[in-house]
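J.: I have a structure here, written as structure tokens, and I will follow up with some questions on it.
The numbers here are math on the coordinates, done by the rules we state, and not lab data. For clarity, every value in this text was computed on a predicted model and none was experimentally measured. Cβ sites come from the backbone with ideal geometry, for glycine too, and all protein chains shown count toward neighbours.
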Amino acid sequence: MLDWLPENISTYGMKIDFLFYLIYYITNIIFLLVAGFMIFFMIKYRYKEGRKSEYTHGNNKLELIWTSATTIGVLIIALVSAPAWKEIKIDLPEPDIIVQVTAEQFNWRMLYPGPDNVFGTADDLEIENELNVPVDKVIHIKLLSDDVIHSFFIPNLRLKQDAVPGREIIVWFEAMKTGRYEIPCAELCGFGHSGMLGLLYVHSSEDYEAWVNENWPES
């Protein structure tokens, strides 16, 4: 397979990559076949002196075969992708940490509930454009938007979800590698869209504990 996607650090990222490459190669094969037939017919039926034009109203049998094959292919892809979709979007695992992320033009606001693990209390911590999490832990993100539709996108986690005004959407991930990763907005949201960039910091257990102690000294 071509290796031009960002490095995957998510537990479910390999499943997303498999589906991506599956669709990628299927569509490329179909494109090459269609383009090849077009070139073949352009050459075969090119203009020749004395050749008369022929008109056809199509071939119902071929159209039925082509439409049926396409429908079956789409259904097969849907069945193959169903387990991954169920794991990622429906059967969310129990979280170790929950962070509320609110999108606005043109920032990400990360709200941590503090040691009491309850949002809306005095020990909440809000940071702009910086998401800190420990490695190998299940993280739930409560995704909100204050104004327009944004898209919370972490390429290295294979995580992408629209933030919709008036709705709270839960997404999750479990990072397998420490490091610093970008969180761009993947939905055109205004003139400052290109500058709407957050950062994900995946810490080791010790470094995350130090970060918690720094922000909540009495925790």
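J.: If exposed chymotrypsin sites (Phe, Trp or Tyr not before Pro) are those in a DSSP loop with at most 15 other Cβ within 10 Å, what is the longest stretch of the chain that has none?
T.: Of all site-free stretches, the longest is 120-190.
J.: Lysine pairs in the range 9-130 with alpha-carbon atoms under 27 Å apart, 8 or more places apart or on different chains: how many are there? If you can, show how the numbers build up before the last one.
T.: Values: K15/K86; K15/K89; K44/K52; K44/K61; K52/K61.
Value for the range 9-130: 5.
J.: Specify which residue in the list L5, W216, P93 is farthest towards the positive end of the charge dipole of the chain, using unit charges on the beta carbon of Lys, Arg (+1) and Asp, Glu (-1), about the Cα centre.
T.: L5
J.: Right, here's the next one. Among G50, G120, G13, which one shows the biggest mean-square fluctuation in a GNM of the chain, springs joining Cα atoms closer than 10 Å?
T.: Evaluated over the chain, the most mobile residue of the options is G50.
J.: Out of the GluC sites (Glu not before Pro) in the range 34-73, which ones are loop residues according to DSSP with at most 11 other C-beta atoms within 10 Å?
T.: Qualifying residues, ordered by number: E49, E54.
J.: Give me the dipole magnitude in Debye, nearest 20, for the range 135-219 about the Cα centre, with unit charges on the beta carbon: positive for Lys and Arg, negative for Asp and Glu.
T.: 360 debye
J.: With viscosity set to 1.002 mPa s and temperature to 20 °C, compute the Stokes-Einstein D of the range 97-215, Rh being the Kirkwood radius across alpha carbon pairs; µm²/s, no decimals.
T.: 149 µm²/s
J.: Quick check: from the Cα gyration tensor, does the range 1-92 come out rounded (a/c under 1.5), prolate or oblate?
T.: Taking the square roots of the gyration eigenvalues as a ≥ b ≥ c, the range 1-92 is oblate.
J.: What is the sum of charges around M196, taking Lys and Arg as +1, Asp and Glu as -1, for the other residues whose C-beta is under 10 Å from the C-beta of M196? Don't skip to the answer; put the middle values down first.
T.: On the way: positive: none; negative: E104, E187.
So the surrounding residues net to -2.
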